[in-house]
Every structure is written in C-alpha cells, then in structure tokens.
Amino acid sequence: MNFSSKLLEQAVDEFGRLPGVGKKTALRLVLHLLGQPNSDVFRFTDAITKLKEQIMYCKVCFNISDHEVCEICSALKRDKQTICVVEDTRDVMAIENTHQYQGVYHVLGGLISPMDGIGPSDLKIEALVHRLRENDIKEVILALSATMEGDTTIFYLYRKLKEFQIEISTIARGIAFGGELEYVDEITLGRSIATRIPYERNIG
C-alpha cells in the first residue's frame, strides 16, 4: 500500500495493530478521523489516554473498574457467597447481560495454555484460593470457555479447590466445544448458568 504521507502511514500502522483490523480497515478509520472536527478527534484521543492512565483492576475480583473495588463487588444485593470464575472482563459482561446471575466474580486474566507459555502462576489462581480462605464461600462456578485451554484450567482449579468444603460447579454445556463465552447468545449462556452442574459429574 502506497501512502502519500508518512504521518498517514504511521497512523494506519498503529490502527492496524488492533485485533481484527487489516490495513484497508485501518486506512478507512484514519481517513474518517481526518474528516471529523478537531473537537471530536481530541475527545476520542482523550478517552483512550484516560482509559490507559486511569483504569483500575478491582482488588477483590480483578475485573476492570473505575475504583479500587468494582461496582459488582461493592453492591449490597449481590450474593457474596457465590463466586463465578471467568477468563476476562468480556466474560463478566456476557454473563451480566443474561441477568441470570446475582453472585460475584473472579477474573483469572487468561487460561492455562502451555503452548502459549501461560501457566497457573500467570493467572489469578492464588488470589482465588486466598478469597476462599478468608471468606465464607458456599459455591464456586467455573464458567470458562469450552476449549482445550478452558477444560485444562477447570481441571486444575478443581484439584486446587476441592480441599475446601464448598460446591464446585461448571456451567451446563449448551455451548459447543470450542465456543468462547463472549460469542454465545444471551439465552443459551443464561440457561447454562442457571442449569449449572457439580463438576464431579464431568470427571466421574
């Protein structure tokens, strides 16, 4: 792709770094921004800058938040004795959109994937164990994607958590193997949360 401007080329290269954005899409986005009023462009760049500089991770569940403790963890009406373990913030959003779950969350920050060099110590697993030791938890729901990495992580977590006198359950598999939670429709995901089953049934 030939550019008439180095500044244009640099901007396209940066947009092209975003997931799912090819060169042509990046060029279209950059040209769109060039055609907008300065105030709109400055508002856009200011939002990105503030996102990077001011965003926090909840010190309890590690969800993305504007405060030290996120709105879900601080909500009085949430069931603090039920923890739903998810891969990342996108899964929290997907489950919240179903309106079928009233407990709290624990965001691992990824899945165990030896091929990608991601082991248990790279995730927020020890923080989850600490929460179980320090709080009166009745149930942990392992709501991870139906992938090889998701199943590996679930099995590891089960072995890590089974020493606690709590119920360990997984979401029902109305989700096809290989499916990621963020792409599952709300009705299917909500039903999977509501009809969760004890994990022992999956390995027994």
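The values are calculated or read from the model by the stated rules, or taken from the named source; none is laboratory data. Treat the numbers as computed from the prediction; the structure is a model and nothing was measured. FYI the Cβ positions are ideal-geometry reconstructions off the backbone, even for glycines, and counts take in every protein chain you see.
Looking only at residues of region 74-99 that are touching an Asp or Glu at 6+ places or on another chain (Cβ under 8 Å) and in a helix (DSSP H, G or I), we find that the one that is farthest from Met56 (Cα to Cα) is Ala94. May I ask you to verify whether Arg133 is outside any loop (DSSP other than H, G, I, E, B) and more than 24 Å from Pro198 (Cβ to Cβ)? It is false that Arg133 is outside any loop (DSSP other than H, G, I, E, B) and more than 24 Å from Pro198 (Cβ to Cβ). Residues in region 100-116 that are among the β-branched types (Val, Ile, Thr) and part of a strand (DSSP E or B) were compared, and the one that is nearest to Phe155 (Cα to Cα) is Val107.
When Arg43, Arg28 are screened for being under 30 Å from His67 (Cβ atoms) and either at pLDDT below 95 or outside any loop (DSSP other than H, G, I, E, B) (or both), only Arg43 passes. Looking across Asp91, Asp40, Asp46, one residue alone is in contact (Cβ under 8 Å) with a residue 60 or more places away in the chain and either within 30 Å of Leu29 (Cα to Cα) or assigned by TED's automatic domain parsing to the domain that holds Phe15 (or both). It is Asp91.
I'd like to know if region 148-170 contains one or more residues that are part of a loop (DSSP other than H, G, I, E, B), exposed (fewer than 13 other Cβ atoms within 10 Å of the Cβ), polar (S, T, N, Q) and free of Cβ contacts under 8 Å to residues at least 40 places away in the same chain. Scanning region 148-170, I find at least one residue that is part of a loop (DSSP other than H, G, I, E, B), exposed (fewer than 13 other Cβ atoms within 10 Å of the Cβ), polar (S, T, N, Q) and free of Cβ contacts under 8 Å to residues at least 40 places away in the same chain, so the answer is yes. Of all residues in region 101-124, those being out of contact with any Lys or Arg (no Cβ under 8 Å at 6 or more places or on another chain) and polar (S, T, N, Q) number 2.
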